[in-house]
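Before any comments, here is the structure.
The values are calculated or read from the model by the stated rules, or taken from the named source; none is laboratory data. Source: prediction; values computed, not measured. Here Cβ is always computed from backbone atoms with ideal geometry, including for glycine, and neighbour counts include all displayed protein chains. The accessibility values were calculated without ligands, DNA or RNA, using every heavy atom of the protein model including side chains. Shrake-Rupley method; radii C 1.70, N 1.55, O 1.52, S 1.80 Å.
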Amino acid sequence: MSNYRKKLFRGAKIEDCILDFIEMEKELRRAIETNKGNEKLLLSGMSHAYRMIVNRLVREFDYSKGGVIVNTKLTDLIQSLEKRVKESKEQSKRSGTNLVNNVYYDDIPNEAKNEIENIPREFQKGLFDGMSVVYEKIVIDLDIILKSDDSDKIICIERLLESYQRVVEKLKEKFRKDDVDYRSGYLQGEVSAYQMVGEEIKVIFDLTEK
């Protein structure tokens, strides 16, 4: 597409279309959680199609890397992480038995459930405490980027990911994987949160290696 056409079509109308597709994808994701079988498969395909359209429009119309689309994605991720902070704190208060009987663990084999139940309670508590603290830290970092006036927020996000990787390497030096006390659980929870959210950020902002 020529620079002239990009300038011609860039603006509120295309931006509104992109935001509409993002909202429709959100609605589909919510619907997917309450449906099963063929209908769930159909909704998943539609959600994937909307995401492809959004990515294509953003790429084709040459949007600013600090514009409304990036801000929308940052806002959604922050809200998701704030929810995870609460969930991790709740999990920290639960026993191992309550943990494996949670709806998210229905598909775990009984053998694996038994292993989880045998993990010391202090390690489990440390694990979820560490995760919740890191989620809170990342929320603060992302909120700073969201509210900044940087013209290229993607660069800021990439630098943030690099700093998280350095932190992970440092944390890994502080525990042994076979330790099962609170401190080890806490450190491993921190590492897990940084790594999981880091990978999620790469996908959301299309930062994965081609």
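Residue 127 passes every criterion in (1) at pLDDT below 95; (2) of a type outside the set (Val, Ile, Thr); (3) within 30 Å of residue 25 (Cα to Cα) apart from (3).
In the stretch 117-168, the qualifying residues are those that are in a helix (DSSP H, G or I) and of a type in the set (S, T, N, Q), and the one that is nearest to residue 76 (Cα to Cα) is 132.
Quick one: what pairs do we get from the stretch 144-171, first residue within 24 Å of residue 185 (Cβ to Cβ), second open to solvent by 90 Å² or more (accessible area, probe 1.4 Å), C-beta under 8 Å, 6+ apart or different chains? From the stretch 144-171, no pairs qualify.
Screening the candidates 207, 161 for the property of being open to solvent by less than 70 Å² (accessible area, probe 1.4 Å), at pLDDT below 95 and over 15 Å from residue 84 (Cα atoms) yields one hit, 207. Of the residues examined, residue 63 is one that is at pLDDT below 85 and part of a loop (DSSP other than H, G, I, E, B). Cβ-Cβ below 6 Å, separation at least six or inter-chain, first residue in the stretch 28-51 and at positive phi and surrounded by fewer than 12 Cβ atoms within 10 Å (Cβ to Cβ), second of a type in the set (Gly, Ala, Ser) and at pLDDT below 85: which pairs? Filtered contacts from the stretch 28-51: no entries.
Here is a check on your reading of the model: is residue 176 assigned to a helix (DSSP H, G or I), open to solvent by 70 Å² or more (accessible area, probe 1.4 Å) and more than 17 Å from residue 69 (Cβ to Cβ)? Taking the combined requirement at face value, the residue does not satisfy it. For residue 72, the conditions (1) within 23 Å of residue 24 (Cβ to Cβ); (2) modelled with pLDDT under 85 all hold with the exception of (2).
Residues in the stretch 42-57 that are modelled with pLDDT of 85 or more and among the hydrophobic types (A, V, I, L, M, F, W, C): 42, 43, 46, 49.
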